[in-house]
1. Counting residues that are modelled with pLDDT of 90 or more and buried (at least 17 other Cβ atoms within 10 Å of the Cβ), which helices (runs of 4 or more DSSP H) fully inside the range B:375-475 reach at least 1?
2. Does B:Ala314 meet the test of being under 22 Å from B:Ala350 (Cα atoms), at pLDDT 85 or above, among the small types (Gly, Ala, Ser) and in contact with a Cys (Cβ under 6 Å, 6 or more places away or on another chain)?
3. Quick one: would you say A:Glu81 is under 16 Å from the mean Cα position of the chain (by Cα) and farther than 30 Å from B:Asn219 by Cβ?
4. Which of the residues belonging to the range A:156-191 are assigned to a loop (DSSP other than H, G, I, E, B), surrounded by fewer than 16 Cβ atoms within 10 Å (Cβ to Cβ) and either hydroxyl-bearing (Ser, Thr, Tyr) or more than 7 Å from every other protein chain (Cβ to nearest Cβ) (or both)?
5. Being aliphatic (A, V, I, L, M), closer than 21 Å to B:Val470 by Cα, surrounded by fewer than 13 Cβ atoms within 10 Å (Cβ to Cβ) and modelled with pLDDT under 80 narrows it down to one residue among B:Leu35, B:Leu39; which is it?
6. Output yes when any residue across the range B:528-544 is under 30 Å from B:Ser386 (Cβ atoms) and basic (Lys, Arg), and no when none is.
7. Hey, among the residues in the range B:203-221 that are part of a helix (DSSP H, G or I) and surrounded by fewer than 16 Cβ atoms within 10 Å (Cβ to Cβ), which one's nearest to the other protein chains (Cβ to nearest Cβ)?
Amino acid sequence: GAMGGSASLIPRDLLAEYQELTFLSKQEILLAYKRFSELLPKEERESAYSARVPKSQILTLPELRANPFQHRICHVFSTSETRDDSMSFEDFLDMLSVFSDSATSDIKSHYAFCIFDFDDDGTLDRKDLEQLVNCLTGQGEESRLSSAEMEQLIQNILEESDIDKDGTINLPEFQLVVSRSPDFASSFKIVL
Amino acid sequence: RDTQQADTEHLSRWKKWRRSSSKSWKKALSEVKGLSSYLVLWQRDIHSIEGKFGTGIQSYFSFLRFLVVLNFLIFILMFSFVTLPFVISKYGIFNSTIAYISPKNIEDKCTIYEPSGNKGLVYFYTYLKDLFSGTGFLEVTSLFYGYYTVDAVWIGIMRYNLPLAYLLATFAYLAISFLWIIKRSVNGFTQNLVHDADPFQSYCNKVFAGWDFCITDPNAAWLKQRSLQYELQTDLQEEKLKQKIAERTMKEKLRIYSLRMFINIIVIAILSGCFYSIYRVTVFSQENSSDSDNANSLVNLLVQYLPSMVITLANFIAPLIFSFLIRFEEYIPAFEIRLTLMRCVFVRLANIGVLLFSLWSQISDCGADKCKPCGYNYKLYPCWESDVGQEMYKLMIFDFIVILAVPLFVDFPRKMLATHCSCKLIQWFGQQEFGISDNVLEIIYGQTICWIGTFFSPLLPAIATIKYFVIFYVKKIILTHTCKPAARPIRASGSNFFFLVVLLIGLILAFVPLGVSIARIPSSKACGPFRNFNTSWEVVPDTILEFPTVLQQILFGMASEAFAVPFFMIICIVMFYFIALARAHKRVVEQLREQLVLESRDKMFLIRKITEAQR
């Protein structure tokens, strides 16, 4: 029904290319196309695979709506030159591919690192960790940890993961810690 | 994209096929699960509760559902093997008759049993009173043991040994409950065993892998944030507390230990007070309710319900006192919760035990030759099993009334006050949270009563099924309309296992009174299927004596010491083997953890070497 209709909107060679380059199956790509085109106004739906969707529209997706990392996700996957965090269809597919079931844990941990790196400086320092924990516990006043608790928590995290003891977590250290975590693969997942 | 391109090029066709086939298999499984969710009772209700209130509260409701199904199964068992044959033969369907064997060697005095079936014109409210107290017209129905006064049932030419069936059905329902609970708790047990030891890199795991990216519902997201906050805070607090405990001086240790001993003495004193009052009240109630002068008055009904009321009061007050006292004992929070729960469990279950013990002391009260010919107090209790059944029935009815009345008279008014009145005192009192452990103990208490009572009152599981069915909807309404979500979300897996352990304790505790009733106390000679036997258990050896000699010898051999002792020794050896295996596994897990730490140190060493070499 609807699947058949949208299949004709993506040229077959593009579809094959997407299947090659991402971890998604043909079904998943078509479903993604359907959801992506629903975010666009009616006039632009024909050429959805070349349009860009503004960030505010992306954030209305139920999968991202309740996610505290929604802004970081849009920022990391967006390839917009104007830095307005808008996403094209290929960015969208990229995101779904990384979060899919079949992505390797290397890819997932790499992108997780980018998402958690709030100041985009290539390492997770104390400020990044603080912002990360605040995202996890909630934004309200009474749901944040006290500064003493935050200190203790960051101290413990760095103790467990900072191997070269420089006070920050770089990508290899992060990937090592995450590879030993049993819950990471099942929690770092978005399914449409 | 470049990296992905590089990645996917490396994958061979075989791996791609494997990946796609595993994906489609997972999809098929999820479809099947979706379909089966329509068939399971209350699946959608419980799912919506989980989404709104978290997994801790959801585990309570799925526990309730488990009990409904269990009770229904027990009811089907007892009904089809005990009630149905008897009712069929009573009304002569399928050419069936009842065989009454006249009792031999029993004095006439023991067989006099005239339950007042309320024949003739009586006031309407006596029916109501009988409904609540299990006497009168209810006593002669199939609800109680006394109805089944039969020795065998002939269906056509087949002889159906009803006494044996009664006893075996009792054993069967106990065994089914036992096995099913153990099966359900095995999952939780293995998880507990593995996660018990100090978790490796627990903080990193919680922070980096803590957020479930699949959450789409904003309410579920908010719940997850609360539970993460609570988990992190409790972990940090426990770490600080452990440090403090490790730094305790000898003087402080002495002070705390003596304080703990003192508080434990207070707890024992409170428990003894409860038990003694239950004993006195039961004796009083038994003595005064068989006084038929004011048999029809409300006072008489209240006197009959006095033990139930005292037990419920004790079950309500004791936990409050315990949770107040535990603060002074300065344990770590997790242990505090566990210890308070264990104490509350003990109070609730022991109260039932004391009630039964006081009943038996009345029944076997053999001073002054009261029970000379029959072995039990035949004047006051011509059919003592029915009396015990009535007590269990009363306990169950009263429990049900309390569970229905508390929301009506306490929860809803409280919610009304909290929302409409802005007085400081009432706001401090506040809306209540859904106390999971209190509610769970309540239903475990009810279930233990059901297990004990089913032997004396075969249709009791039907009442229990209906009761839990209604309770599900009542609690759901209370939850959605009056409770605010808990400030401290509870992890489901740990609590689920704990509930099942407590239920198992209740079941094992139920074995004791049943064992004593079946094997030690002489069965009543005036009613019931075990008239012709000394005790209820005797029907089994009697039946075995009718088997062919070879089978007899085997069965008697199994019950003798020559078999039991070696069997016991073998079981001990098997148990030690499994304990040793579990310990070995734990040691392997420890070693692997240490290896991981060493590995990271190796990496650190290599990174340092590389940075040095680069300079």
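The values are calculated or read from the model by the stated rules, or taken from the named source; none is laboratory data. Computed from a prediction, not measured in an experiment: that's the story for all the values here. All Cβ positions, even for glycine, are placed from backbone atoms using ideal geometry, and neighbour counts span all protein chains on display.
1. Result: B:384-406, B:436-453.
2. Yes: the conditions hold for B:Ala314.
3. So A:Glu81 does not fit the description; no.
4. Matches in the range A:156-191: A:Lys165, A:Asp166, A:Gly167, A:Pro182.
5. B:Leu39 is the lone residue from the list that is aliphatic (A, V, I, L, M), closer than 21 Å to B:Val470 by Cα, surrounded by fewer than 13 Cβ atoms within 10 Å (Cβ to Cβ) and modelled with pLDDT under 80.
6. yes
7. B:Pro218
Table: residues versus (1) over 16 Å from B:Glu442 (Cβ atoms); (2) without any contact (Cβ under 8 Å) to a residue 40 or more places away in the chain.
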| position | (1), (2) |
| --- | --- |
| B:Val310 | yes, yes |
| B:Leu313 | no, yes |
| B:Gly353 | yes, no |
| B:Leu356 | yes, no |
| B:Leu359 | yes, no |
| B:Ile363 | yes, no |
